[in-house]
Structures are given as C-alpha cells and as structure tokens.
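Here the structure comes first, spelled out in structure tokens, and everything after it is commentary.
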C-alpha cells in the first residue's frame, strides 16, 4: 500500500528532535547486540573466542562494504527525493538485519544480515544531511554534536539492556532490537517531517552515486580533501573499538556479556555528556580547530592506556578520560560542511560515509586479525592488547596529519 503524498512540513526545531530520536533508537537497537555477538558467533560457528574475533572482524567489514557501496546512492537519492523516505528505508533495513541474525542457523546467514544492514544502514548519513538542512552553517558543529549525543545515549541503554538480555541467550537481544526498529519505523512514518523542499532538490545522477564516484565530491570542493584524509585514517585507527572490544574484555578480564554491556553503556554516558553539553561551549570558547586537536590527543592517550590497563578500575578511569575524543568526528564534519552548498549536503555526507566505511572496513579487519593472531597458542607474544598498541600508533599519525592541515590552513 502506497503512502499518501505529504507536503513538506515547515522547518522548525522539531525536525532536529525527530532526527535525534531516530538516531537514538537506531543506536539502542545496535547496542543491544554488541555484548552477545561473540557468544552468538561461537555458538553458531562452534569456534574459539580468538577465531570468533576473526569472524566478527569480517562481519563488521561486510557491514562497512554494504554501506560503502550504497550510502552514496542513499545520500544522492535524499538530495533528489527528500530525506524522509530514505531515512525510513534505512530504519527498515536495520530491522531486517536483526531478524536475520536472530534466526540465523549458520555463519553465512549472519553475514547476509550484516550486508543487508549495511545496504540500508545509511540513517546516520541522512540524519546529518537532515541536520544540515535545518541549521545555519555556524550552528552545525553544535547540531552535529547533538546527533553524536543521541548516538551516545542510545549506546547507554542498548548495551546495558543487551548484556542483561544476553543472559537469557545470545539471540534474545536480536529479537528485541528488531522490535525497536519496528517501533522506530512506525514513529517515523507518522511524525517525521520532510526538510528538503522541492525547490532545493536536484536531479539524480548515477555518476554521483556509484561508490567510487562518491569521492568526486572531494574533487568538486577541494577544501574538504585534507580534512577528509585525516578523517579516513582516524576512523581506520578507531575501528579497534568495534572490532575487538567485547572479545578483548572477555579474553583479558573474563567479562560476562553483562559486564561488556555495562562498559559500553558507561562509554555511551560519557560520550553523550561531552557531545551534548560540552561541545557547544567548547567550540564557542576555543574554536573548532582547537577542540578537534584536543580530542585527537586524548584518542592517542586512551588507546595506549587500554592496552596497559590491568584492572576494571583502570578501564573505567580511561572511559572517563576518553570522552573528549567524541569531539573529533563532529568537528571534522562541521568544518567540511561549511565549504559545500546547501543542495549538495546529502552528497557530501554520502562521500564522507564512503570514506568512513572504507576506513572502518580496513580497520576492523586489520584489528580483528591482529587480535586473533596474538591470541593463538603459537604467537610470538600472546596478548590481547597488541591491537590497542597498534591503534595508538596510528592515532599518533592522525594527530601529525591534522597538525599539518592546521598549519597549511593558517599559512593560507
């Protein structure tokens, strides 16, 4: 049954609220499954934790590959047909993924679910374009920070609930996540307004929507290229967290699913506080460039710190210190959005998403392989921490790249 045509709603602060709730609910659903993913992989595949980490890394890579291939298409379709229908499609795809994972009899079907989620998992891309539609350029850093805060709050509830539900079985959180996606879809169907009026839409072009063509946006708007290079290496390095966190906690500290969920929830609380309440005043006082620099310094320190941590207390302290790293992504996106016109914000977000997904694909596979290798019996140094040491080194490279970009910008 087709949906009746609805005239675009007037742009108001309510539009931002709707997007924040959508991102929040999506992250609740995603966070539910993270604590139980190692147990599900070991159960379905009948393998050790180290081998499960290999599979988990490839599963994240499959998700990133699906997003890389289709996010530019989603972004450009949203520039042509509006944000609302594409955002609803993304929510629907996530629900399908969770059902596939809940019912999967083999590892193959787990991969099918992750690919489907990647294909339709462009809610964050559309959400950022949505935010760009309704905020002035000088307000976008704060607005993108609020999206990050919604992301973080969703991560508070999702992993905590997922860890507790995981005690009932590794498939239970997937059913709950599917239900949350359905509720999110119903909510968006009835109340989510359209924010891109017809006069601001542009003709759809396939050449702008193929996954490699998405990089052309960086050729059209040269000011984003240096910052995008920083973003690429940053996301490759920070992929260590989704790649190995549950596996690392179980291997190093013998955490249960509930404990994995609680640590992820703690990180979500801290991220929400910094991105929701600190990022706006920090940018107003110090500026985007300095705030981003501070976040990158923290990123280097905490990645090394996790590798050296010897207790849960140390990890909890590091989680608190970790908060300002949440400044990095919204600051880079905000700075890039300022050099792109309004009718290309969806294309920009699609291009950024393509870069991020390639980086995450490379990073998750790399860190999962490093973790699995150094967990083997015959490894030259058997340790669950080597991936964090590598990540710290890569983040130090990101910091150096960023300082070079700042220097060139000041000189020009």
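Results for (1) out of contact with any helix residue (DSSP H, G or I) (no Cβ under 6 Å at 6 or more places or on another chain); (2) on the phi > 0 side of the Ramachandran plot, shown as yes or no for each residue.
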{"site": "216", "(1), (2)": "yes, no"}
{"site": "238", "(1), (2)": "yes, no"}
{"site": "241", "(1), (2)": "yes, no"}
{"site": "244", "(1), (2)": "no, no"}
{"site": "247", "(1), (2)": "no, no"}
{"site": "254", "(1), (2)": "yes, yes"}
{"site": "277", "(1), (2)": "yes, no"}
{"site": "284", "(1), (2)": "yes, no"}
{"site": "297", "(1), (2)": "yes, no"}
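Condition first: surrounded by fewer than 24 Cβ atoms within 10 Å (Cβ to Cβ) and over 21 Å from residue 21 (Cβ atoms). Now tell me which residues in segment 71-92 satisfy that. Within segment 71-92, 73, 77, 80, 81 qualify. Segment 163-261 holds helices (runs of 4 or more DSSP H) entirely within its bounds, and those carrying 2 or more residues that are modelled with pLDDT of 85 or more and surrounded by 15 or more Cβ atoms within 10 Å (Cβ to Cβ) map to 172-191, 225-238, 240-253. The condition of being touching a residue at least 40 places away in the same chain (Cβ under 8 Å), assigned to a helix (DSSP H, G or I) and surrounded by fewer than 22 Cβ atoms within 10 Å (Cβ to Cβ) holds for residue 157.
The numbered conditions (1) in a helix (DSSP H, G or I); (2) surrounded by fewer than 23 Cβ atoms within 10 Å (Cβ to Cβ) are all true for residue 264 except (2).
Residue 376 falls short on exactly one of the conditions (1) part of a helix (DSSP H, G or I); (2) closer than 23 Å to residue 251 by Cα, and that condition is (1). The set of residues in segment 43-58 being surrounded by fewer than 23 Cβ atoms within 10 Å (Cβ to Cβ) and either on the phi < 0 side of the Ramachandran plot or in contact with a helix residue (DSSP H, G or I) (Cβ under 6 Å, 6 or more places away or on another chain) (or both) consists of 43, 44, 45, 47, 48, 49, 50, 51, 54, 55, 58.
The requirement of being surrounded by 15 or more Cβ atoms within 10 Å (Cβ to Cβ) and within 24 Å of residue 68 (Cα to Cα) is fulfilled somewhere in segment 370-386, by at least one residue.
Among helices (runs of 4 or more DSSP H) entirely within segment 75-138, having at least 1 residues that are more than 17 Å from the chain's Cα centre (by Cα), at negative phi and without any contact (Cβ under 8 Å) to a residue 24 or more places away in the chain singles out 83-103, 107-120. Within segment 303-321, being surrounded by fewer than 23 Cβ atoms within 10 Å (Cβ to Cβ) and in contact with a helix residue (DSSP H, G or I) (Cβ under 7 Å, 6 or more places away or on another chain) holds for 304, 305, 307, 309, 312, 315, 316, 318, 319, 320, 321.
Within segment 252-278, the set of residues being more than 18 Å from the chain's Cα centre (by Cα) and within 22 Å of residue 139 (Cα to Cα) comprises 277, 278. When you go through 354, 387 one by one, which is the residue that is assigned to a helix (DSSP H, G or I), within 17 Å of residue 54 (Cα to Cα) and touching a residue at least 60 places away in the same chain (Cβ under 8 Å)? Only one candidate qualifies: 387.
Applying the set (1) surrounded by fewer than 21 Cβ atoms within 10 Å (Cβ to Cβ); (2) more than 12 Å from residue 238 (Cα to Cα) to residue 396 leaves exactly one unmet item: (2).
The values are calculated or read from the model by the stated rules, or taken from the named source; none is laboratory data. On a predicted model such as this, the values are computed, not experimentally measured, just so you know. No Cβ is skipped: glycine too gets one built from the backbone with ideal geometry, and neighbour counts run over all protein chains shown.
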